[in-house]
Amino acid sequence: LNMEGCTELESLPKRLGKQKALQELVLSGCSKLESVPTDVKDMKHLRLLLLDGTRIRKIPKIKSLKCLCLSRNIAMVNLQDNLKDFSNLKCLVMKNCENLRYLPSLPKCLEYLNVYGCERLESVENPLVADRLTLFLDRSEELRSTFLFTNCHNLFQDAKDSISTYAKWKCHRLAVECYEQDIVSGAFFNTCYPGYIVPSWFDHQAVGSVLEPRLEPHWYNTMLSGIALCAVVSFHENQDPIIGSFSVKCTLQFENEDGSLRFDCDIGCLNEPGMIEADHVFIGYVTCSRLKDHHSIPIHHPTTVKMQFHLTDACKSKVVDCGFRLMYTQSRGCLLEEEVNANFTKLYLGLL
């Protein structure tokens, strides 16, 4: 059912929820619409709900919903606390919600979050994602996820810490899952938020765009699962407002006496029109597949590494700080499950 652009629409039929077979409901641009009937929660097949440009403040819990768009909503100040109970929600887009101030815990099944341009957003719940007190993913939780907080310039430091804590937690989880499931390729997680500091949990850091860490002996072993990467990007004041698409990448070069291996990793990307204001922190996680594929490379157990962080299609911007952390599936570089659960439980309770 597509009612996009019905600018005079003020209400929906009270029996809308009786449309049991309805899968997509598009109400984009219905600028006078302030609510949806509560019985839409009974729609067992509704997958897509587009409410961008409306004044709706609360969404009934629709268990079947997979994609929800609330962009350009000027009425919503606090997103409802029961959002974490939307047990099938994969995609949440809330771009340019100019009065949004608070984001509650997100459902653990969420793969994509975009709150670009929510300039009054101040707080996010801690933990950012619900039910994150176990080291292993369950079947409802996705490996790959992207959470974007671009141009959310009023975020409190506690909110940024919550995002960083989630990123660390996600990287630990991915280190275990990618190893256990023998997943060998791809970028699995990325996030960005306004800031100028590489989080302290990145144990190798450098000023500028080049990082040449001193690695411990025997760092390369069978428990190595992935690499967490971080780049702080400074956006030029005179950037072209038309160029709103770019990627943040890292070129890694591993070497030993037998030769060298060079490849690129994706840390994150943005595809939004308009200027990016102030510095932003980008965090990503990639697997170590190319290091483990001994049949295709002439190098075993590399002893040195050089990392070059750079941007594509954004020549007036630059990486000003960077960091990385090797992620292992067990205690080397990654806490054991009992330690992780204990430490993060304390963190969430505000005791650390």
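Each reported figure results from applying straightforward, stated rules to the coordinates on display, with no laboratory input. A quick note: this is a predicted structure, and the numbers were derived from the prediction, not measured. Neighbour counts run over all protein chains shown; Cβ positions are idealised from the backbone, glycine included.
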Can you find, among THR38, LEU110, LEU27, the residue farthest towards the positive end of the dipole of segment 1-140? Put +1 on the C-beta of Lys and Arg, -1 on that of Asp and Glu. THR38
Separation between Cα centres of segment 194-208 and segment 35-103, rounded to whole Å: 34
ILE197, ILE227 arranged by Cβ crowding within 10 Å, fewest neighbours leading: ILE197, ILE227
What do you get for GluC sites (Glu not before Pro) in segment 1-68 restricted to DSSP loop and a cutoff of at most 15 other Cβ within 10 Å of the site's Cβ? GLU4, GLU8, GLU10, GLU34
The local net charge around PRO104, scoring Lys/Arg +1 and Asp/Glu -1 for residues other than PRO104 whose Cβ lies under 10 Å from its Cβ, equals -1
Enumerate the calculated ³J(HN,Hα) couplings along segment 264-269 in order (Karplus 6.51 cos²θ - 1.76 cosθ + 1.60, θ = phi - 60°), each rounded to whole Hz, writing x wherever the residue is Gly or Pro. 9, 10, 8, 9, x, 8
Which whole-Hz couplings ³J(HN,Hα) result when phi for each residue of segment 97-110 is put into the Karplus expression 6.51 cos²θ - 1.76 cosθ + 1.60, θ = phi - 60°, listed in order with x for Gly and Pro? 8, 5, 10, 5, 10, 9, 10, x, 4, 9, x, 5, 7, 5
